Amino acid sequence: MRGLKCYFNSLWFIFTNNRTTFIISCAFYVISGVIPYLNVSAISYIIQEAEKIAAQNMAASDTNVFLGISLLALFIFLDRMIMLGQMPLLSVMSFRVVTKINVLIAEKTNRMPYASIESTEFQNKLQAVRNFANRLPELFTISLNTLRALCTIGTLVFKFSQNFYLLLIIAAASLPSLLLSFRLTTEEHQLELQLTQDQRIAAYYQDLLSNSAYVKEKYVFQLKELLMNRWQKTAARINQTL
């Protein structure tokens, strides 16, 4: 229940900061979810017209088979164009979300005393917020894929309402992967929160080891082995948790 509340709060945060992008993206995915129904309808229409040609020895030009083929090609082309149009929208949304969170972080730290900002607890929370911001676009994409799958299932249910076994096959093929994706995303987020402190410490040691600004200090004070050992221990704790 807590994970579900966090999920909807995340979607609400995306919506409040990217209303236009959010609505257009949802509209694109709804249309994309309806396209499989249109494809099936076009294929059924082509088959019906082909049966006329086979049964009545009619010429293809005397039937609407070319119309069905044209509609099928149009629907496939529309689906590809929608997916291509969605890519820049997701990039814009990701940039705006990360920028908004950075602004909120700057405003928060500007009002806090220096001692609080320097504390380990605050830095861990800060890193957790940044990790969460980086995962929001992926969460939004999973939500859009779920919306598209529901639209597809709903329209195909309408199409094959007389064939109940087909509905079971469609649901069995679509729903498990969506539920598994949502479950894995939630668990990954919880795991990242758990590993925030170790990840921040590992990044700190890695920066000391690889940053050219600290080369002199490492060799003068012989800190290379010490920093390397601490980084390896921290990385080992992270790998053990994973």
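Quick one: of K52/K159; K5/K233; K5/K125; K125/K233, which pairs are farther than 24 Å apart, Cα to Cα? Over 24 Å apart, Cα to Cα: K5/K233. Loop-located trypsin sites (Lys or Arg not before Pro) across region 52-148 with a Cβ neighbour count of 14 or fewer within 10 Å are R111, with loop assigned by DSSP.
Backbone geometry of region 145-152 corresponds, through the Karplus equation with coefficients 6.51, -1.76 and 1.60 at θ = phi - 60°, to 3J(HN,Hα) couplings of 5, 5, 4, 5, 5, 5, 5, 5 Hz, x marking Gly and Pro. For region 24-34, putting each phi into the Karplus relation 6.51 cos²θ - 1.76 cosθ + 1.60 with θ = phi - 60° gives couplings of 5, 4, 4, 4, 4, 6, 5, 4, 4, x, 7 Hz, in residue order, rounded to whole numbers and with x for Gly and Pro. Per residue, the Cα convex hull of region 1-134 amounts to 123 Å³. Grouping the Cα pair distances of region 79-141 into 10 Å bins from zero gives a pair-distance distribution of 19, 39, 23, 13, 5, 1 percent in increasing distance order.
None of the figures in this text is laboratory data; all of them are computed from the coordinates on show. Only a predicted model underlies this, so the values are computations on that prediction, with no experimental measurement involved. Note that each Cβ is placed from the backbone with ideal geometry, even for glycine, and that neighbours are counted across all protein chains shown.
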